[in-house]
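Structure first, commentary second.
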Amino acid sequence: MVVTLDPKDGRPLYLQIVDEVRRALVVGSLRPEDPLPSVRELAAQLVVNPRTVSQAYGELERQGVVYVRRGQGTFVSADAQPDRKERRALSREVARRALREAWRNGVGMEELVKSIREVAQEEGEPSGDAAEQGVKE
């Protein structure tokens, strides 16, 4: 699982971690019963205070996304299946970031959409189940 924090994002770091774990579920890089990195491991990887990761894991546990096995670690819940709503939210966030970046670089929406279509065609856009399930990390 790859977690990336954005220092420009106004949201607290623990919420960014929560969203990254949920994103990993949507794209399929995390599956039910998969272990999460320990609090210390993820804190060291992200260079954040372990309390920040602990707060994120606590929030994920309250949401029913993960559970803790004492002495073994934190695991993705068996019933943590992303729904269409979460997939749509992820898609909208990707679009929002792409549009902001395009505008920052002087590229308009129509030009961006055209470029995305061209690149998708060049890259061989995933079809069928691969597109529906998301690209694996």
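The values are calculated or read from the model by the stated rules, or taken from the named source; none is laboratory data. Every value quoted in this text rests on a predicted model; they were computed, and no experiment measured them. With ideal geometry, Cβ positions are generated from the backbone for all residues, glycine too; neighbour counts draw on all protein chains shown. Each accessible area value is taken on the protein alone, full model and side chains, heavy atoms only, with ligands, DNA and RNA left out. Shrake-Rupley method; radii C 1.70, N 1.55, O 1.52, S 1.80 Å.
A compact table of results
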{"quantity": "Top-ranked residue of segment 62-71 - restricted to ones that are surrounded by 14 or more Cβ atoms within 10 Å (Cβ to Cβ) and within 21 Å of VAL2 (Cβ to Cβ), ranked as modelled with the highest pLDDT", "calculated": "VAL66"}
{"quantity": "Filter result (open to solvent by 60 Å² or more (accessible area, probe 1.4 Å) and modelled with pLDDT of 85 or more) within segment 111-137", "calculated": "GLU111, LYS114, ILE116, ARG117, GLU118, VAL119, GLN121, GLU122, GLU123"}
{"quantity": "Selection from segment 1-22 of residues that are in contact (Cβ under 8 Å) with a residue 60 or more places away in the chain, under 16 Å from GLN45 (Cβ atoms) and assigned to a helix (DSSP H, G or I)", "calculated": "none"}
{"quantity": "Residue match in segment 72-80 (condition: open to solvent by less than 70 Å² (accessible area, probe 1.4 Å), touching a helix residue (DSSP H, G or I) at 6+ places or on another chain (Cβ under 8 Å) and assigned to a helix (DSSP H, G or I))", "calculated": "no"}
{"quantity": "Members of segment 23-59 that are hydrophobic (A, V, I, L, M, F, W, C) and modelled with pLDDT of 95 or more", "calculated": "LEU36, VAL39, LEU42, ALA43, ALA44, LEU46, VAL47, VAL48, VAL53, ALA56"}
{"quantity": "GLU20 being modelled with pLDDT under 95, of a type in the set (D, E, K, R), open to solvent by 60 Å² or more (accessible area, probe 1.4 Å) and out of contact with any Asp or Glu (no Cβ under 6 Å at 6 or more places or on another chain)", "calculated": "no"}
{"quantity": "Hey, ASP6 within 21 Å of ARG87 (Cβ to Cβ) and surrounded by fewer than 16 Cβ atoms within 10 Å (Cβ to Cβ) or not", "calculated": "yes"}
{"quantity": "Residue in segment 96-110 that is open to solvent by 50 Å² or more (accessible area, probe 1.4 Å), at pLDDT below 80 and within 16 Å of the chain's Cα centre (by Cα) present", "calculated": "no"}
{"quantity": "Hits in segment 29-51 - residues which are surrounded by 14 or more Cβ atoms within 10 Å (Cβ to Cβ), assigned to a loop (DSSP other than H, G, I, E, B) and either of a type in the set (Gly, Ala, Ser) or within 17 Å of the chain's Cα centre (by Cα) (or both)", "calculated": "SER29, LEU30, ASP34, LEU36, PRO37, SER38"}
{"quantity": "Count of segment 46-102 residues which are among the polar types (S, T, N, Q) and more than 22 Å from ASP34 (Cβ to Cβ)", "calculated": "2"}
{"quantity": "Residue satisfying all of: in segment 81-95; hydrophobic (A, V, I, L, M, F, W, C) and touching a helix residue (DSSP H, G or I) at 6+ places or on another chain (Cβ under 9 Å); surrounded by the most Cβ atoms within 10 Å (Cβ to Cβ) among these", "calculated": "LEU90"}
{"quantity": "Long-range neighbours under 6 Å by Cβ, at least six apart or interchain, first residue more than 26 Å from ASP6 (Cα to Cα) within segment 98-125, second of a type outside the set (A, V, I, L, M, F, W, C)", "calculated": "none"}
